[in-house]
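First the structure, in the form of structure tokens, and then the observations on it.
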Amino acid sequence: METVTLPESIVSVNKCAFQNCLFLVQIYCLGQVPPVCDSSSFDNVNKKDCVLYVPKGRLAAYRNAHVWKDFPMIVESDFSGIVEIQNSVRISGKEDRIIIDGITEGYVWIYDINGVLVKTLPATGERMEIRLQERGIYLVKYAGRTVKVKI
């Protein structure tokens, strides 16, 4: 995953949420208030090479916020061209499977943490339960987005 957009509705970033996202180079954080982060939320992300885009007028808030202040490249933006999309897609991990709801078009690709393609499935628009051989961290890619899931 190279880019992530955190919508304004995000108020916190869970423990280890982006841990080991070694290729993350852009974070668009749309919230006027910096989301509360756990110290491990961005473990092993190369913060010095990752650009954090924040709303205009909110630079000081992010520079003073726990974890966000560790990103040396914080850029204010009006986010022109970035539209917050109401996302009705739900992706979660449970036991030995990934559960996906709400993807209506295209395909779903599932990669292991090493970037190896594990499964490719057509989107059905209905609940999909994908059983996997091993527990671990997976990346689910759909419609130009990537979500990290732990099972």
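FYI, it's all coordinate maths here, none of it is from the lab. This one's a predicted model, so the numbers in the text were calculated from it and none came from an experiment. All Cβ positions, glycine included, derive from the backbone under ideal geometry; neighbour counts span all protein chains shown.
Considering only DSSP states other than H, G, I, E and B, which GluC sites (Glu not before Pro) in the stretch 1-82 qualify as loop sites with at most 15 other Cβ atoms within 10 Å? If you can, show how the numbers build up before the last one.
Working: sites: E2, E8, E76; in loops: E2, E8.
Qualifying residues, ordered by number: E2, E8.
Which of T3, T124 has the fewest other C-beta atoms within 10 Å, and how do the rest follow up to the most?
T124, T3
Pulled fully out, how much extra length does the chain show between K119 and T3, if you take 0.36 nm times their separation in residues and subtract their Cα-Cα distance? Walk me through the numbers before you get to the answer.
Working: separation 116, 0.36 × 116 = 41.76 nm, distance 2.20 nm.
That works out to 39.6 nm of additional length.
Label R145 and D96 with points 7 Å out from Cα along Cα→Cβ: what is the distance between them in nm?
Taking the simple label geometry, R145 and D96 are separated by 2.9 nm.
Relative contact order for the stretch 1-121 using alpha-carbon pairs under 8 Å, separation at least 6, rounded to a whole percent? Could the numbers behind the result be given before it?
Numbers: 208 pairs, mean separation 21.0, N = 121.
Once divided by the residue count of the stretch 1-121, the mean separation gives 17 percent.
Under a 5 Å amide H to amide H cut-off, with H placed in plane at 1.01 Å, what residues pair with E76 once short-range neighbours are removed?
V54
Just grab the label-to-label distance for D78 and D49, each label 7 Å out from Cα along the Cβ direction, in nm (one decimal).
Label-label distance for D78 and D49, simple model: 3.2 nm.
Once R0 is set to 35 Å, what does the formula 1/(1 + (r/R0)^6) return for the Cβ-Cβ distance between Y107 and K69, expressed as a FRET efficiency to the nearest 0.05?
Values: r = 39 Å, r/R0 = 1.11.
FRET efficiency, Y107 to K69: 0.35.
Provide, as a two-decimal number, the C-alpha radius of gyration of the stretch 1-149 over 2.2 N^0.38 Å, N being how many residues it has.
Values: Rg = 16.1 Å, N = 149, 2.2 N^0.38 = 14.7 Å.
Compactness ratio reported: 1.09.
Quick one: 3J(HN,Hα) in Hz for the stretch 61-78, Karplus 6.51/-1.76/1.60 with θ = phi - 60°, rounded, Gly and Pro as x.
Listing the rounded values in order: 4, 6, 5, 9, 8, 3, 6, 4, 5, 7, 8, x, 9, 10, 10, 6, 8, 8 Hz.
As an exercise, identify the trypsin sites (Lys or Arg not before Pro) in the stretch 63-151 lying in DSSP coil whose Cβ has no more than 13 other Cβ atoms within 10 Å.
For trypsin sites (Lys or Arg not before Pro) across the stretch 63-151 that sit outside H, G, I, E and B with at most 13 neighbouring Cβ atoms in 10 Å, the list reads R127, R135.
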